[in-house]
1. Confirm whether Asn223 is buried (at least 17 other Cβ atoms within 10 Å of the Cβ) and closer than 26 Å to Gln338 by Cα.
2. From the residues in the range 249-259 that are touching a residue at least 40 places away in the same chain (Cβ under 8 Å) and touching a helix residue (DSSP H, G or I) at 6+ places or on another chain (Cβ under 8 Å), which one is surrounded by the most Cβ atoms within 10 Å (Cβ to Cβ)?
3. Which one of the conditions (1) modelled with pLDDT of 95 or more; (2) part of a strand (DSSP E or B); (3) in contact with a Ser or Thr (Cβ under 6 Å, 6 or more places away or on another chain) does Ser385 fail to meet, given that it meets all the rest?
4. If I ask for residues that are of a type in the set (Val, Ile, Thr), surrounded by fewer than 18 Cβ atoms within 10 Å (Cβ to Cβ) and at pLDDT 75 or above, which ones from the range 404-458 would you list?
5. Taking the options Ile147, Ile142, Ile96, name whichever one is in contact with a strand residue (DSSP E or B) (Cβ under 7 Å, 6 or more places away or on another chain) and either hydrophobic (A, V, I, L, M, F, W, C) or at negative phi (or both).
6. Can you spot a residue in the range 286-295 that is free of Cβ contacts under 8 Å to residues at least 24 places away in the same chain, out of contact with any Cys (no Cβ under 9 Å at 6 or more places or on another chain) and assigned to a helix (DSSP H, G or I)?
7. Residues Ile505, Ile460, Ile453, Ile483: which one is aliphatic (A, V, I, L, M) and either out of contact with any strand residue (DSSP E or B) (no Cβ under 8 Å at 6 or more places or on another chain) or under 26 Å from Pro245 (Cα atoms) (or both)?
8. Which of the strands (runs of 3 or more DSSP E) found entirely inside the range 437-509 contain at least 3 residues meeting this: more than 26 Å from Gly105 (Cβ to Cβ) and more than 22 Å from the chain's Cα centre (by Cα)?
Amino acid sequence: MDLLNYYQLTSSSSLIRGSLIFKMNFRESFLLFFFSFILLFLVQCTSGYKTNNVKPTSRVHKLSRKVFPDDFIFGTAASAYQVEGEALKGGRGPSIWDEFVKIPGLIPYNATGDVTVDEYHHFKEDIDIMKEYNFDAYRFSISWSRIFPNGTGDINWEGVDYYNRLIDRLILKGITPYVNLYHYDLPLTLQNEYLGWLSPKIVDAFADYADFCFERYGDRVKNWFTFNEPRVAAAMGYDTGFHAPGRATGSRFGGNSTIEPYIVAHNLILSHAAAVNRYREKYQIDQQGKIGILLDFVWYEPHTYSERDKVAAQRAIDFHIGWFLHPLTYGYYPKSIQDIVKERLPEFTNDEVELVKRSYDYLGVNQYTAYYIKDNATINPEPISYQDDWHVEFKCETHAIISFLLMLYLIKKIVNNIICMDQPGNVTLPQGLQDTQRRHFYQNYIMELKRAIDDGASVIGYFAWSLLDNFEWRLGYTSRFGIVYIDFKDNKRYPKESARWFKKILQRS
């Protein structure tokens, strides 16, 4: 039976982009680790892990840090291109997003990440905000081209020093660093040289970059991720062309939506596994750290009780979640993908199967929403795209959130009554600071998280996405997700109502 067939719908409630991580043992135990805004699951493959200091509470309880386990972690998160700025300075080489945003009209108001919220120069201030508002950890990504401007070869020591200073400052202030090695920003040189993720050459290039980071920062960084949402990179970068590098059938940048997404996904999986192998063989024993990957989750439920719709919903799960999760766990793609994609789907060699299988200590899952799915009775005789290969019809977005059975273990009653937490980018400062809707989101979400712990889920932390309003990819600066308002004219920081709420509930007695 496929791994994802074990997932079950067990509750009816609403969902909007939240974040959590599960950490779990393949045989005995699991633990959950929550981020917010993008739901992230982390699964740890160690033995005998137990969660300590769980404090039972009543079904109705006042939300505060003290009702959570003593070692429960609350943090915030961000990514390099979205917050750093200094994109054209400091020795950093261009990434595919630096090139992509140059297309006139692509991003609202032709916005770029050249400066964004300038965390490169404001990181001390931002860390001070984290500390003042009682957060414990920060998940950030490293810009590959800030370390290796051309992806390989020459090292930009100014960039290396920036991350040293960032990490040291976090630790000095008692904030634990969680480092992600890749968040959509491939060095442009590698794209121009051999089409980046379309070439098997990328595997060694990424492993070498990861190796350098482990060697340089691993004495202080004990929590690593290889990729954030590799499925998004493959699907939106090479199937629809909505993200950089914009490849798709009929795109001005070239592409083939029937083949390229699968090649890219395959090379991303192999790159992840190669980096994990480097870490495990060279650094993990001495550095005593953990490494995993962040995947994006959308859940799918059958539109009707018909067998065809049930199979279609499972097929959607396989193509969305199982595309990466299944090989990372078992070493091969789900059978439904193999049956439909056939010879267009790359195969793992026997050695690659062993390299890929269980190549994570964590499994991160960024959870967005859920959809009702209907079987598509009309199938195109010739392949059109990765998305078309699903052979399903999206009926509507459902505000029913499920409880997951992840890696064969039950996780109970995760979220209820979640509401939208986005703000338009053009709100005034007074309007932006009164983000009552976002505060309600966090309050309801974390309350249900605590109830999940009370029901038996082993949850060890929750990270809010994001600390700051920032560059939101194709949305530019027209959407604000931060708990700190940014005046984009001068990049001044103004904590919002939601930040003050976190400060209150996270205070230590």
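1. On the way: buried (at least 17 other Cβ atoms within 10 Å of the Cβ): yes; closer than 26 Å to Gln338 by Cα: no.
So Asn223 fails the test.
2. To start, the set of residues in the range 249-259 that are touching a residue at least 40 places away in the same chain (Cβ under 8 Å) comprises 249, 257-259.
Filter once more, so that each one left must be touching a helix residue (DSSP H, G or I) at 6+ places or on another chain (Cβ under 8 Å): 257-259.
Working: Ser257: 23, Thr258: 18, Ile259: 20.
Restricting to residues being touching a residue at least 40 places away in the same chain (Cβ under 8 Å) and touching a helix residue (DSSP H, G or I) at 6+ places or on another chain (Cβ under 8 Å), the top hit is Ser257.
3. (2)
4. Restricting attention to the range 404-458, the residues satisfying the condition of being of a type in the set (Val, Ile, Thr) are 411, 414-415, 418-419, 427-428, 436, 446, 453.
So of that shortlist, the ones also surrounded by fewer than 18 Cβ atoms within 10 Å (Cβ to Cβ) come out as 419, 427-428, 436.
Correct list: Val427, Thr428, Thr436.
5. Numbers: Ile147 fails: in contact with a strand residue (DSSP E or B) (Cβ under 7 Å, 6 or more places away or on another chain); Ile96 fails: in contact with a strand residue (DSSP E or B) (Cβ under 7 Å, 6 or more places away or on another chain).
Being in contact with a strand residue (DSSP E or B) (Cβ under 7 Å, 6 or more places away or on another chain) and either hydrophobic (A, V, I, L, M, F, W, C) or at negative phi (or both) holds for just one of Ile147, Ile142, Ile96, which is Ile142.
6. In the first step, residues of the range 286-295 are kept if they are free of Cβ contacts under 8 Å to residues at least 24 places away in the same chain; the result is 286.
Filter once more, so that each one left must be out of contact with any Cys (no Cβ under 9 Å at 6 or more places or on another chain): 286.
This time we only want the ones that are assigned to a helix (DSSP H, G or I), so: 286.
Within the range 286-295 (the criterion being free of Cβ contacts under 8 Å to residues at least 24 places away in the same chain, out of contact with any Cys (no Cβ under 9 Å at 6 or more places or on another chain) and assigned to a helix (DSSP H, G or I)), the answer is yes, since at least one residue qualifies.
7. On the way: Ile460 fails: either out of contact with any strand residue (DSSP E or B) (no Cβ under 8 Å at 6 or more places or on another chain) or under 26 Å from Pro245 (Cα atoms) (or both); Ile453 fails: either out of contact with any strand residue (DSSP E or B) (no Cβ under 8 Å at 6 or more places or on another chain) or under 26 Å from Pro245 (Cα atoms) (or both); Ile483 fails: either out of contact with any strand residue (DSSP E or B) (no Cβ under 8 Å at 6 or more places or on another chain) or under 26 Å from Pro245 (Cα atoms) (or both).
Selected residue: Ile505, the only one of Ile505, Ile460, Ile453, Ile483 that is aliphatic (A, V, I, L, M) and either out of contact with any strand residue (DSSP E or B) (no Cβ under 8 Å at 6 or more places or on another chain) or under 26 Å from Pro245 (Cα atoms) (or both).
8. Details: elements: 459-465, 484-487, 492-495.
Qualifying strands (runs of 3 or more DSSP E): 492-495.
The values are calculated or read from the model by the stated rules, or taken from the named source; none is laboratory data. Source: prediction; values computed, not measured. Glycine also receives a Cβ, built like all others from the backbone with ideal geometry; neighbour counts cover every protein chain displayed.
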